[in-house]
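The values are calculated or read from the model by the stated rules, or taken from the named source; none is laboratory data. From a predicted model like this one, the values you see are computed outputs, not experimental measurements. Methodologically, a virtual Cβ is constructed for each residue, glycine included, from the backbone with ideal geometry; neighbour enumeration extends over all protein chains shown.
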Amino acid sequence: MVDVPVHLLAFDGLDAPLQVSDPQIVRPLLDPVMAAWPFKEISAAQPQSRPPFATIGPIDDQSWRLLAPLAASPVAHHDPVDAICDLVVEMSWERLRSRPDLLCLHAAAIGFGDHLVIFPNARRAGKSLLTATLAKLGHAVFSDDFVPVAVEAGTIYGLANGIAPRLRLPLPPNLPIELSNWIAAGIDPANKRYGYLTGIDLPLSGTKAPIGAVVLLDREEGRTASALLEPVSDDDAIAALVIQNFGRQVHAGAILSVIAAIATSVPVYRLVYDDVADAAALLHDSPHLARLSAATLSSDDHPSTDRPAPLPDALDDQTAAFDPGLRYGRVPGFVEVQTQAALYLADAQGRSIHRFNAVSGVIWMLLQDPMRPDDLADAMQEVFADVPRARLQEDVLQAMTFLWQQNLIVEAPK
């Protein structure tokens, strides 16, 4: 039996190493993708504080195996490029495990001057292709998929991943020929579905820059008008960022506070487009993105971001049945953010963020003082005089039952 050579790679910022089997086969494909994420080879005989977070290596000429004990699918067999794609995802989780103070957004982050513009993910919105087009125009690519976010001295920063952006293949046939050729020349490695764009301006992993703007992508296929950049409401911005957050190790209240701070302290726009070259040129030349200020978080108004949320199996689930005959009040320690359209609320245990509509928001407001459901329905009747009493009672009971199940209200002392 032939011994398979193994490399242990210690990447900057990760507590656990990556194990690579048959590195002479894996490294030529892996290294260009991780070109700006510094790492060093360490001895397998050297004592490790943590075992490898993943092991990647070939099974045969056609497929590789990725072993990631903490992943949803701990064992996966893939085409080599697909295996690297899954490894990139697992590396993002390992970064968060290694830095539990970091938030993380499913988004692209592109340098505009000394600041970052964040592009939250939207399905089939062309985020990665827009990233590549902006890279051709000279913009630094901090990330095309997941953005670690840190708060330092009240300033909100995005961190570079050091990973080449991944593009869906084949490229659209309607791209300008110069752009298409430029991207095609930089794609390596690749398979039939995906290719990594290498050789572009990738800041070193961990490089930080203040977040200066958010751009929501709205791609309208078949649009003939020029790309349009328009401001959006705080509520649209918060909703988009809440959906794209996946920093589960951080207290939900801290996540909500940081997201609200980004949405309210820097400009947020919607980019409506179809032609990616036209859209990138608009962003590149836009005076709105030329002189940005940093997103900031006031420590006086918001909780610390270093409050880790308990793991799901450590949370105290509400098992007792809701009793409509008792008085209930708010659980201390919640975090709320009010916009013109909605109320966002994070529970005290830090497990989740909820968006309430106008009716639920009124119920929450009235629960500043403990009340029974019937008393709450009486108070609601004064606000919603045209709603039948039975309907109000049903809505109040349903809302309070939900609040109880989510540990947002507690039985008041008798």
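Quick look at the numbers
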{"quantity": "Residue in the stretch 67-78 that is buried (at least 21 other Cβ atoms within 10 Å of the Cβ) and outside the structural domain of ILE156 (by TED's automatic domain parsing) present", "calculated": "yes"}
{"quantity": "Flag for ALA109 being closer than 16 Å to GLN244 by Cα, surrounded by fewer than 19 Cβ atoms within 10 Å (Cβ to Cβ), of a type in the set (Gly, Ala, Ser) and touching a Leu at 6+ places or on another chain (Cβ under 8 Å)", "calculated": "no"}
{"quantity": "Residue satisfying condition, being in contact with a Ser or Thr (Cβ under 7 Å, 6 or more places away or on another chain) and acidic (Asp, Glu), within set ASP114, ASP144, ASP201", "calculated": "ASP144"}
{"quantity": "Selection status of VAL26, in contact (Cβ under 8 Å) with a residue 12 or more places away in the chain, assigned to a loop (DSSP other than H, G, I, E, B) and farther than 25 Å from PRO148 by Cα", "calculated": "no"}
{"quantity": "Filter result for VAL242 (within 15 Å of VAL147 (Cβ to Cβ), crowded, with 24+ Cβ neighbours inside 10 Å and among the aliphatic types (A, V, I, L, M))", "calculated": "no"}
{"quantity": "Given (1) in contact with a helix residue (DSSP H, G or I) (Cβ under 8 Å, 6 or more places away or on another chain); (2) not in a strand (DSSP E or B); (3) not charged (D, E, K, R), index of the condition LEU345 fails", "calculated": "(2)"}
{"quantity": "Counted residues, the stretch 135-189 - those being assigned to a helix (DSSP H, G or I) and over 30 Å from ALA295 (Cβ atoms)", "calculated": "10"}
{"quantity": "Extreme residue, farthest from LEU326 (Cα to Cα), among residues of the stretch 383-411 that are among the polar types (S, T, N, Q) and in a loop (DSSP other than H, G, I, E, B)", "calculated": "GLN406"}
{"quantity": "Qualifying position, being out of contact with any His (no Cβ under 8 Å at 6 or more places or on another chain) and either closer than 21 Å to GLY162 by Cβ or not in a strand (DSSP E or B) (or both), among ASP86, ASP82", "calculated": "ASP82"}
{"quantity": "Qualifying residue in the stretch 289-304 (condition: at pLDDT 85 or above, out of contact with any helix residue (DSSP H, G or I) (no Cβ under 7 Å at 6 or more places or on another chain) and crowded, with 17+ Cβ neighbours inside 10 Å)", "calculated": "yes"}
{"quantity": "Some residue of the stretch 34-47 being surrounded by 14 or more Cβ atoms within 10 Å (Cβ to Cβ), modelled with pLDDT under 90 and of a type outside the set (D, E, K, R)", "calculated": "no"}
{"quantity": "Selection count where residues are among the polar types (S, T, N, Q) and touching a Leu at 6+ places or on another chain (Cβ under 8 Å), scope the stretch 358-406", "calculated": "2"}
{"quantity": "Failed criterion for ALA377 (all others in (1) crowded, with 19+ Cβ neighbours inside 10 Å; (2) within 30 Å of ASP101 (Cα to Cα) hold)", "calculated": "(2)"}
{"quantity": "Filter pass, LEU343 being under 22 Å from the mean Cα position of the chain (by Cα), modelled with pLDDT of 90 or more and not polar (S, T, N, Q)", "calculated": "yes"}
{"quantity": "The stretch 348-365, residues that are part of a loop (DSSP other than H, G, I, E, B), surrounded by 19 or more Cβ atoms within 10 Å (Cβ to Cβ) and either hydrophobic (A, V, I, L, M, F, W, C) or touching a Gly at 6+ places or on another chain (Cβ under 7 Å) (or both)", "calculated": "GLY350"}
{"quantity": "Count of the stretch 116-138 residues which are modelled with pLDDT of 95 or more, surrounded by fewer than 21 Cβ atoms within 10 Å (Cβ to Cβ) and at negative phi", "calculated": "2"}
